[in-house]
Amino acid sequence: MEKDTELNHQDNIGNSLVQDRAWADSLLNKQSLSQFNLSKTNAPFNYFESFPDQLMSRIEAEKRQKMKKKNAKIFFLPSFMQPLNRLAIAAACIIVVGGSFIFLNNSVSKKTQAPIVANDISLQELSSEEIESYVDANEWIAEIDVQAQMQKENLRLSSLDEKQIEEIKKIITQ
Amino acid sequence: MASDQELIIQFQESINREANFTALLKKHQQKVYYQIKRMVTDHADADDIAQLVWIKIWDKLDGFKMESEFTTWLFRIAYNETLNYLQKQKKQGTSHSNGDLLDYENATASSDSPKSTEIQIGLDRAISQLPEKQKVVFMLRYYEGYDYEKIASIVGTTIGGAKANYHQAVKKVESFIKQL
């Protein structure tokens with residue numbers, strides 16, 4: 001029964017404003033509804049008199065601000081000064097400087113470290129076997145040195161007598 | 001008194017723009033303010049929103065093509081601005097509605113009989129708890145007496161939707177008051 005009444009109300013909604021108001025009044029108390037409206041439709045004293053002037057001055061202020069923005073000269077930074085580009089340039093500089101520092105440091109250390117290692121090894125620290133094996137391994141180099149020396153000297157041997165040749169041979173074999 | 005259409009045409013033709021705009025403003029400012037105040041309750045909020053609405057009207061009035069009534073357009077902007085404002089307030093968690101409700105309760109408590117005061121407080125609470133769309137539809141229909149076509153255009157729904165919103169609003173408020 002109640003459901004039928006509700007459906008009936010729903011069907012009647014929108015038929016006329018008077019009916020809609022009457023339906024709401026019957027359910028919600030007319031006096032309370034008008035009291036509610038009174039509480040919502042009040043404003044501070046003189047509010048509506050001063051509102052247009054207030055608003056127009058705000059609109060004027062906003063207009064002026066817009067004009068200022070329009071007239072303000074905008075300087076664009078050159079592209080390399082843009083924040084992103086600046087970062088890229090800084091990163092590239094760091095890579096170049098860092099890379100060259102590492103490269104130079106490596107080559108210097110290689111140069112300085114090699115002789116130090118060689119100097120660090122004294123003959124006294126080596127056993128005679130090690131020395132012999134080194135000499136054996138490098139004998140052919142010594143031989144080449146002797147032959148080269150002899151070839152050089154042979155050029156002049158023709159101008160020497162036998163005694164002098166013997167002396168030179170002795171020196172070389174020593 | 002010049003009609004809305006005449007004032008708008010003169011404004012758009014740049015004849016006394018400020019004077020024509022002010023005439024429009026004076027003609028409709030109260031209704032706009034009350035529509036907003038019924039949704040936000042607090043005067044400071046309603047004043048803020050009303051200013052935003054009229055600034056928007058000033059900015060957009062040149063482009064208004066008069067395909068609909070000026071008041072429909074005006075109240076639609078007011079409705080949307082109020083919704084935006086309420087959403088921002090919800091996000092920031094700074095709603096004044098409870099404080100104002102208490103003020104209202106204190107004000108009404110001293111003036112009427114206990115029974116009617118109770119009903120009024122209940123009504124106020126019930127209406128404040130309605131979804132925004134139902135609340136506005138109810139206000140525009142019951143208090144302003146607008147037809148459903150205009151209400152539908154203002155809140156962005158169909159005529160049937162507006163009727164349903166009115167029905168649901170009244171039923172919800174009724175059930176809330178019955179619970180008291």
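A few notes on this one:
- Taken about its Cα centre, region B:1-95 carries a charge dipole of roughly 380 debye when the Cβ of each Lys and Arg holds +1 and the Cβ of each Asp and Glu holds -1.
- In order along region B:59-65, the Karplus-derived 3J(HN,Hα) couplings, from 6.51 cos²θ - 1.76 cosθ + 1.60 at θ = phi - 60°, round to 5, 9, 5, 4, x, 6, 9 Hz, and Gly and Pro are given as x.
- Given A:LYS70/B:LYS60; A:LYS66/B:LYS65; B:LYS65/B:LYS163; B:LYS135/B:LYS172; B:LYS135/B:LYS171, the pairs whose alpha carbons are separated by over 22 Å: A:LYS66/B:LYS65; B:LYS65/B:LYS163
- A dipole drawn for chain B from +1 and -1 charges on Cβ atoms has a positive end, and of B:GLN12, B:THR157, B:GLY63 the residue lying farthest that way is B:THR157.
- Ranking of B:MET39, B:MET66, A:MET56 by count of other Cβ atoms within 10 Å, fewest first: B:MET66, A:MET56, B:MET39
- Paired Rg and Dmax values of region B:1-95, which use every Cα atom, in angstrom: 14.2, 45
- Average partner coverage of A:39-52, which counts Cβ from other chains inside 10 Å: 5
- As a size descriptor, the averaged projected area of the C-alpha convex hull of chain B was calculated at 11.8 nm².
- Formal net charge of residues neighbouring B:LYS88 (Cβ-Cβ distance under 15 Å; K, R +1; D, E -1): -3
- Sorted fewest first by neighbouring Cβ atoms within 10 angstrom, B:TYR85, B:TYR142 come out as B:TYR85, B:TYR142.
Every read-out reported here was derived from the displayed coordinates using simple, explicitly stated rules and does not represent laboratory data. Here the structure is a predicted model, which means the values were calculated and not measured. Quick reminder, even Gly has a Cβ in these numbers, built from the backbone with ideal geometry, and neighbours come from all protein chains shown.
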